[in-house]
1. Out of everything in region 164-174 that is assigned to a loop (DSSP other than H, G, I, E, B) and charged (D, E, K, R), what residue ends up being least open to solvent (accessible area, probe 1.4 Å)?
2. Looking only at region 76-109, count every residue that is over 22 Å from Ser132 (Cα atoms) and either open to solvent by 30 Å² or more (accessible area, probe 1.4 Å) or of a type in the set (Gly, Ala, Ser) (or both) and tell me the total.
3. Across region 22-42, what is the total count of residues that are in contact (Cβ under 8 Å) with a residue 24 or more places away in the chain and either among the acidic types (Asp, Glu) or over 16 Å from Asn164 (Cβ atoms) (or both)?
4. Out of all the residues in region 52-75, is one or more touching a Gly at 6+ places or on another chain (Cβ under 6 Å), at pLDDT 95 or above, among the hydrophobic types (A, V, I, L, M, F, W, C) and open to solvent by less than 60 Å² (accessible area, probe 1.4 Å)?
5. Would region 30-38 turn up any residue that is open to solvent by 10 Å² or more (accessible area, probe 1.4 Å) and either among the polar types (S, T, N, Q) or under 13 Å from the mean Cα position of the chain (by Cα) (or both)?
6. Any residue in region 162-186 that is acidic (Asp, Glu) sitting within a Cβ distance under 6 Å of a residue that is open to solvent by less than 50 Å² (accessible area, probe 1.4 Å) and part of a helix (DSSP H, G or I)? List the pairs, counting only those 6 or more apart or interchain.
7. Filter region 141-156 down to residues that are in contact with a Phe, Trp or Tyr (Cβ under 9 Å, 6 or more places away or on another chain), among the aliphatic types (A, V, I, L, M) and touching a residue at least 12 places away in the same chain (Cβ under 8 Å), then give me how many there are.
8. Of the residues in region 119-163, how many are open to solvent by 30 Å² or more (accessible area, probe 1.4 Å) and of a type in the set (S, T, N, Q)?
Amino acid sequence: MLRHNSTSDGLVVLVVPGIGNSGPGHWQSLWEQRHPGWQRVQQRDWDRPVCEEWLRGLDAALARLSAPPVLIAHSMGCLLVAHWAKRSSLPVRAAFLVAVPDPAGPMFPPAAQGFQPVPSEKLRFPSLMVASSNDPFGSVAYARRCAADWGSAFVQVGAVGHINADSDIGDWPVGLDLLERLLKTS
């Protein structure tokens, strides 16, 4: 279904990048190139994220959509989705959450503000949390804890760093397979 450029099944997708906005070699960007109907959240400042400001950006993007979307979040985008879900009742079909960072961890960007405390409420939509065993921004244990709190299914995909362009995974076919699995349950 997702391996082609077609979105004829009515799938509405909103890509939710983390800090830096997932550059051209990032799997989120590569997936968007294959699926031109997908949309991306826009933020005023991708390098100095402020949770409250990013929440407004996510709300604005969701307000423009024609149907409940699948959220495809990476890194800080996962934290944003959790904060947003706690405050909003807008419908979401599902959330694909990849490489959640630990705001209390030593590698969390000091420029990021307002992402703590991390919500512990269960998400009201199906979700899948994907983690790497050697992610410098968040441990597998942290990702499992978030998945448990948020009611997300959990998959650990091996040692692929932060699951980003630096991980040398290209358009990440394993991720597409996992996304398809999530969509079958939502």
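1. Per the criteria, the residue is Asp171.
2. Residues that pass the stated criteria total 8.
3. Within region 22-42, residues that are in contact (Cβ under 8 Å) with a residue 24 or more places away in the chain and either among the acidic types (Asp, Glu) or over 16 Å from Asn164 (Cβ atoms) (or both) number 7.
4. Checking region 52-75: not a single residue is touching a Gly at 6+ places or on another chain (Cβ under 6 Å), at pLDDT 95 or above, among the hydrophobic types (A, V, I, L, M, F, W, C) and open to solvent by less than 60 Å² (accessible area, probe 1.4 Å).
5. Among the residues of region 30-38, at least one is open to solvent by 10 Å² or more (accessible area, probe 1.4 Å) and either among the polar types (S, T, N, Q) or under 13 Å from the mean Cα position of the chain (by Cα) (or both), which makes the answer yes.
6. Close Cβ pairs (under 6 Å, with a partner that is open to solvent by less than 50 Å² (accessible area, probe 1.4 Å) and part of a helix (DSSP H, G or I)) amount to Asp171/Trp27; Asp171/Leu30.
7. 2
8. Of the residues in region 119-163, 5 are open to solvent by 30 Å² or more (accessible area, probe 1.4 Å) and of a type in the set (S, T, N, Q).
The values are calculated or read from the model by the stated rules, or taken from the named source; none is laboratory data. This one's a predicted model, so the numbers in the text were calculated from it and none came from an experiment. Reconstructed Cβ throughout: ideal geometry from the backbone, glycine too, with neighbour counts over all protein chains shown. We work out accessible area using only protein heavy atoms, side chains counted, and drop any ligands, DNA or RNA first. Shrake-Rupley method; radii C 1.70, N 1.55, O 1.52, S 1.80 Å.
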